[in-house]
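Take a look at the structure set out below.
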Amino acid sequence: MAVQTGTKAPEFTLSNQFGEKVSLSDYRGQKNVVLMFYPFAFTRTCTAELCTLRDRYPEFVNDDTVVLSVSCDSANSLKVFAEQEQLTHQMLSDFWPHGDVSKAYGVFLDEKGFATRGTFIVDKDGIVRWSVVNGPGEARNADDYQVALAAL
């Protein structure tokens, strides 16, 4: 079951595409976080979703908000993916221990070995204020994120 709106977001520390450690708590008191889980780099729907965020970057990465995307890909794969698609937000690797953060957020698909499409908007106090969870083949709408952020 996915983390519920109104609850404290599970804390984590993961490596980004450059091998740097990034923690959810790095943004506490400073920025809202759009935490976006997705199945795999280099796949059609995932690439389209992440490129939408790239193309609308100022709407999601600004003085009040940051995007953190999470997949079970290795940090090295995420680096190549980010370079290929010109993605500049923090891309986090939930590779090892395999899927632990995805499991903590309730979006890991045990039978498939990867995270489904879950997005959680975490406010500056670390509380989940909005979420959506879709199946692996069901794309999310970035407009929904914008509406949820505007409500904070």
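The values are calculated or read from the model by the stated rules, or taken from the named source; none is laboratory data. Keep in mind that this is a model prediction, so the values were computed, not measured. Ideal geometry is used to build each Cβ from the backbone, glycine not excepted, and the neighbour counts take in all protein chains shown.
Whenever a residue of region 125-151 is free of Cβ contacts under 8 Å to residues at least 24 places away in the same chain and more than 16 Å from residue 56 (Cα to Cα), its partners that are assigned to a loop (DSSP other than H, G, I, E, B) and charged (D, E, K, R), lying with C-beta atoms within less than 9 angstrom and at least six residues away or across chains, give the pairs 132/140; 134/140. For the list (1) aromatic (Phe, Trp, Tyr); (2) in a strand (DSSP E or B); (3) closer than 21 Å to residue 14 by Cα, I need the number of the one condition that residue 130 fails. Tallying (1) aromatic (Phe, Trp, Tyr); (2) in a strand (DSSP E or B); (3) closer than 21 Å to residue 14 by Cα, residue 130 fails exactly one: (3). Picking from residues in region 117-146 that are more than 17 Å from residue 52 (Cα to Cα) and among the basic types (Lys, Arg), the one that is surrounded by the most Cβ atoms within 10 Å (Cβ to Cβ) is 129. Is region 139-147 home to any residue that is modelled with pLDDT of 95 or more and either out of contact with any helix residue (DSSP H, G or I) (no Cβ under 6 Å at 6 or more places or on another chain) or within 21 Å of residue 7 (Cβ to Cβ) (or both)? Checked against the condition, which is being modelled with pLDDT of 95 or more and either out of contact with any helix residue (DSSP H, G or I) (no Cβ under 6 Å at 6 or more places or on another chain) or within 21 Å of residue 7 (Cβ to Cβ) (or both), region 139-147 yields no hits at all. Taken over region 88-121, the criterion of being part of a helix (DSSP H, G or I) and small (Gly, Ala, Ser) is satisfied by 102, 104.
Report the residue count in region 78-102 for those that are β-branched (Val, Ile, Thr) and at pLDDT 95 or above. Break it down into steps so the answer makes sense when it comes.
Our first condition is that a residue be β-branched (Val, Ile, Thr); within region 78-102, this holds for 80, 88, 101.
Checking the rest, the ones that are also at pLDDT 95 or above come to 80, 101.
The number of residues fulfilling the criteria is 2.
Within region 65-85, the only residue that satisfies the criterion of being touching a residue at least 40 places away in the same chain (Cβ under 8 Å) and assigned to a loop (DSSP other than H, G, I, E, B) is 72.
Got at least one residue in region 71-83 being of a type in the set (Lys, Arg) and exposed (fewer than 15 other Cβ atoms within 10 Å of the Cβ)? Full working, then the answer.
Taking region 71-83 as the starting set, the residues that turn out to be of a type in the set (Lys, Arg) are 79.
In the following step, the residues that additionally are exposed (fewer than 15 other Cβ atoms within 10 Å of the Cβ) were identified as none.
Checking region 71-83: not a single residue is of a type in the set (Lys, Arg) and exposed (fewer than 15 other Cβ atoms within 10 Å of the Cβ).
Can you work out which of the residues in region 5-64 that are part of a helix (DSSP H, G or I) and of a type in the set (Gly, Ala, Ser) is modelled with the lowest pLDDT? In this case the residue turns out to be 48. Of the residues making up region 3-53, just one is of a type in the set (Lys, Arg) and either surrounded by 17 or more Cβ atoms within 10 Å (Cβ to Cβ) or under 12 Å from the mean Cα position of the chain (by Cα) (or both), namely 31.
Provide a single number: the residues in region 78-101 that are farther than 19 Å from residue 32 by Cα and within 11 Å of the chain's Cα centre (by Cα).
Initial filter on region 78-101 (farther than 19 Å from residue 32 by Cα): 78-87, 93-100.
From what is left, the residues that are within 11 Å of the chain's Cα centre (by Cα) are 93-94.
Total meeting the criteria: 2.
All but one of (1) surrounded by fewer than 17 Cβ atoms within 10 Å (Cβ to Cβ); (2) farther than 23 Å from residue 13 by Cα hold for residue 149; which doesn't? Answer for residue 149: the failing condition is (1).
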